[in-house]
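What follows is calculated from the coordinates using simple rules that are stated; it is not laboratory data. On a predicted model such as this, the values are computed, not experimentally measured, just so you know. Positions of Cβ are backbone-derived with ideal geometry, glycine not excepted, and every protein chain shown enters the neighbour counts.
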Amino acid sequence: MRSFDNALVVPAIFWLIVFLGAPLGLVAVYSFWHTANYAIVPGFNWANYAHAMHDVYLWTGLRTVLIALQTTAIALLVGYPVAYYLARSVKRFRLALLMLVIAPLWTSYLVRTFAWMLILGRNGLVNAALMSAGLAAAPIEWLLYSKFAVTLALVHIYLPFMVLPIYAVLEKLDGRLIEAAGDLGASPWRIFLTIVLPLSMPGVVTGAIFVLVPAVGAFVTPELLGGPDANMIGNVIADQFGGTFEYPFGSALALLVIALVAVLVAVALRRGRLSFA
Amino acid sequence: MISARAASAVLAAWYWLVVAFLFAPLVVVVLFSLNDAEVSILPIRALSGRWYAMLMKDQTVLHALGNSLIVAVAAVVVSVLLGAPLAIGAHRHGGKVGRALVGFALAPMMIPALILGVSLLTLLNALNAQLSLVSVTLGHTLICLPYVVLVLDARLAGYDPRLDEAALDLGAGPLMLLWTITLPLLAPAITAAALLAFTLSFDDVVVAFFLTGRENTLPMTIWAMLRYGITPELNALAALTILVSALTALLAEMTLRNARSISAHPNLKETSS
């Protein structure tokens with residue numbers, strides 16, 4: 001029986017080693033190689049990593065981290081009350097109301113991204129509304145092709161990832177703790193800050209990671225909604241593998257992103273435990 | 001001090017505001033897809049289905065749809081064939097090793113899709129392999145497999161191990177146990193996982209961006225069309241993909257809801273919980 005059960009897991013593990021482990025290993029090796037005449041030449045040097053430290057890439061990296069952190073922070077501020085409402089305040093139709101928040105996750109993020117072009121564009125809905133209300137004389141240009149547009153769309157796309165884990169933790173929270181604190185005279189605000197929020201930290205951390213990881217690696221959203229000043233590291237990596245055929249440099253950047261994600265996740269985990277609920 | 005009822009009302013208002021924010025872009029796309037005008041700006045002139053009719057005659061779009069369906073079905077089949085045995089094996093193993101196996105299968109979720117795409121591209125390139133729908137499918141298994149494992153692992157948490165013991169005591173072999181007890185009990189979860197994996201593959205553009213050869217999937221076609229700006233036809237296509245994904249997800253949710261309990265007999269369930 002044991003050997004049969006072991007056999008069950010072998011194919012998937014094998015698959016992941018071949019199609020995830022091997023590619024990542026190759027990327028790690030390539031990151032120390034270089035290109036000459038459009039051919040990839042083996043070797044060992046840190047040149048790609050040194051190149052990645054140039055101003056333009058450092059700024060892009062910094063911008064990527066800022067956009068990702070800002071996206072995560074906004075998603076948390078917007079999503080927490082939603083999760084709290086669903087878990088502690090709603091009496092009827094709770095699952096249906098939860099489904100309403102999660103449903104957009106299952107629609108194409110390409111569509112959810114380009115829809116913002118219709119809303120934020122020069123002739124988009126927001127500008128049309130502002131101008132017809134007399135609030136703007138000319139279309140506001142920074143709405144689209146900007147960091148603002150990228151952040152807004154990323155919050156929109158990944159918000160359900162924040163709500164779900166926080167909801168799962170809050171839903172299991174023992175209501176008697178809140179009652180007891182209330183009976184002992186704590187104000188609702190104090191109850192929230194000293195009981196509810198600390199106990200929900202595993203959900204907050206999980207949600208933050210679920211938003212942060214894809215935001216750091218975002219590529220479609222900045223490609224479509226970002227201007228030159230909202231380029232993210234994902235776009236730079238995509239260029240190395242798409243247009244310029246600089247696999248070794250792209251590999252180094254990809255590894256740096258993985259390292260960055262690992263650091264951010266580790267920092268987040270220090271703040272609380274992960275919860276897959 | 002604010003009363004509990006006032007706080008609840010504020011939270012409810014916030015909830016509906018956020019739901020409106022989540023749905024607004026989708027509504028806008030659908031609205032413009034039904035607008036008779038050539039350009040996607042207000043005001044809406046007249047409602048018309050002509051952009052949908054145009055889509056139905058667009059050979060590029062129909063061909064890409066076919067490709068997307070082939071890739072999604074293949075990716076789902078492979079992910080389920082790999083993911084279901086892994087989830088079952090890991091669950092039976094239990095303990096730290098079982099958790100580690102599940103964790104390993106979830107690893108691709110922790111790596112941005114962009115990097116999954118470029119690293120697989122690097123491997124295929126080193127092997128001189130042609131990019132085709134097969135390479136896209138390979139990439140999609142990396143996206144789908146973790147979700148299949150996640151859904152099945154959650155479902156298995158409620159699995160009563162005494163069912164296995166009983167079957168083995170009665171002389172069932174491991175294959176018979178798997179085939180007549182475990183898989184039938186997991187069937188709803190497998191269906192749900194397959195449907196969710198389908199939408200993930202059907203909607204992916206990032207992995208496909210790097211692994212597509214000559215044959216385009218539907219999101220890649222949308223991506224290419226976007227270069228010429230947002231046309232009403234594109235809105236119609238987007239609206240249809242929203243519909244497909246939404247229906248698939250709804251079907252998945254209903255399948256899971258209809259199979260609440262995993263125990264074979266009500267009495268068994270009572271004593272085990």
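Phi angles of the stretch B:189-202 translate, via the Karplus equation with coefficients 6.51, -1.76, 1.60 and θ = phi - 60°, into HN-Hα couplings of 5, 5, 4, 4, 4, 5, 5, 5, 4, 4, 5, 4, 5, 4 Hz per residue; Gly and Pro are given as x.
Only helices enter this figure: runs of n ≥ 4 DSSP H residues, each worth -39500 (n - 2.57), summed and divided by the residues of the protein assembly as shown, yield -23000 deg cm²/dmol at 222 nm to the nearest 500. For the residues A:Asp174, A:Asp229, A:Asp239, a GNM of chain A with alpha-carbon springs under 10 Å puts the largest fluctuation on A:Asp174. Computed on chain A, with alpha-carbon pairs under 8 angstrom and 6+ residues apart, the relative contact order is 28 percent.
GNM remark for chain A: springs join alpha carbons under 10 Å apart, and the peak mean-square fluctuation among A:Tyr167, A:Tyr80, A:Tyr38 falls on A:Tyr38. The residue among B:Asn128, A:Pro81, B:Ala193 whose Cα reaches farthest toward the positive pole of the charge dipole of the protein assembly as shown, with charges on the beta-carbon of Lys, Arg, Asp and Glu, is A:Pro81. With a ≥ b ≥ c taken as the square roots of the eigenvalues of the C-alpha gyration tensor of the stretch A:169-277, please select rounded if a/c is under 1.5 and otherwise prolate if a/b is larger than b/c or oblate if it is not? Prolate, since a/c reaches 1.5 and a/b exceeds b/c. Rounded, prolate or oblate: which one fits the protein assembly as shown, using the alpha carbon gyration tensor with axes a ≥ b ≥ c (rounded when a/c is under 1.5, else prolate when a/b beats b/c, else oblate)? Rounded. Dipole magnitude for the protein assembly as shown: about 1020 debye, using +1 per Lys or Arg Cβ and -1 per Asp or Glu Cβ, origin at the Cα centre. For A:Arg122, no residue 5 or more places off, or on another chain, has a built amide H under 5 Å of its own.
Overall, the anisotropy analysis places chain B in the oblate class: the square-rooted eigenvalues a ≥ b ≥ c of its C-alpha gyration tensor yield a/c not less than 1.5, with a/b not exceeding b/c.
Here's the picture: charge each Lys and Arg Cβ at +1 and each Asp and Glu Cβ at -1 in the stretch B:58-272, and of B:Val151, B:Leu226, B:Ser68 the one pushed furthest to the positive end of that dipole is B:Val151. Whole-Hz Karplus values for the stretch A:130-143 come out as 4, 6, 6, 8, x, 8, 9, 7, 10, x, 7, 7, 6, 5 Hz, taken residue by residue from phi with 6.51 cos²θ - 1.76 cosθ + 1.60 and θ = phi - 60°; glycine and proline positions read x. Normalised size of the stretch B:45-125, defined as Cα radius of gyration per 2.2 N^0.38 Å with N residues, equals 1.74.
Taking every C-alpha pair closer than 8 Å and separated by at least 6 residues, the mean separation divided by the residue count of chain B gives a relative contact order of 29 percent.
Per residue, the convex hull around the alpha carbon atoms of the stretch A:52-270 comes to 162 Å³. Counting every other Cβ atom within 10 Å of each residue's Cβ, A:Val29, A:Val211 order from fewest to most as A:Val29, A:Val211. Taking other residues whose beta carbon is less than 15 angstrom from the beta carbon of A:Arg112, and scoring Lys, Arg as +1 and Asp, Glu as -1, yields -3.
Label-point separation (nm) for B:Arg45 and B:Glu165, each offset 7 Å from Cα along Cα-to-Cβ? Taking the simple label geometry, B:Arg45 and B:Glu165 are separated by 7.3 nm. In this structure the amide hydrogen of A:Thr35, modeled in the peptide plane, comes within under 5 Å of the amide hydrogens of A:Val41, none closer than 5 places in sequence on its chain. Loop-only trypsin sites (Lys or Arg not before Pro) in the stretch B:191-262, please: DSSP not H, G, I, E or B, and at most 11 other Cβ atoms within 10 Å. For trypsin sites (Lys or Arg not before Pro) across the stretch B:191-262 that sit outside H, G, I, E and B with at most 11 neighbouring Cβ atoms in 10 Å, the list reads B:Arg214, B:Arg227, B:Arg260.
In whole percents, the pair-distance distribution calculated for the stretch B:115-265 from its alpha-carbon pairs, binned every 10 Å from zero, is 10, 28, 26, 20, 12, 3, 0. Peptide B:82-92 shows a mean partner chain C-beta count of 5 within 10 Å per residue C-beta. Each residue of the stretch B:152-159 was assigned a 3J(HN,Hα) from its phi angle through the Karplus curve 6.51 cos²θ - 1.76 cosθ + 1.60 (θ = phi - 60°); the sequence is 5, 5, 5, 5, 5, 4, x, 7 Hz, with glycine and proline shown as x. Checking every one of the trypsin sites (Lys or Arg not before Pro) in the stretch A:1-91 against DSSP loop status and a limit of 12 other Cβ atoms within 10 Å picks out A:Lys91. For chain B, a Gaussian network of Cα nodes joined below 10 Å ranks B:Leu150, B:Leu168, B:Leu218 by mean-square fluctuation, and the top entry is B:Leu168.
Fewest neighbouring Cβ atoms within 10 Å first, the residues A:Ser187, A:Ser3 line up as A:Ser3, A:Ser187.
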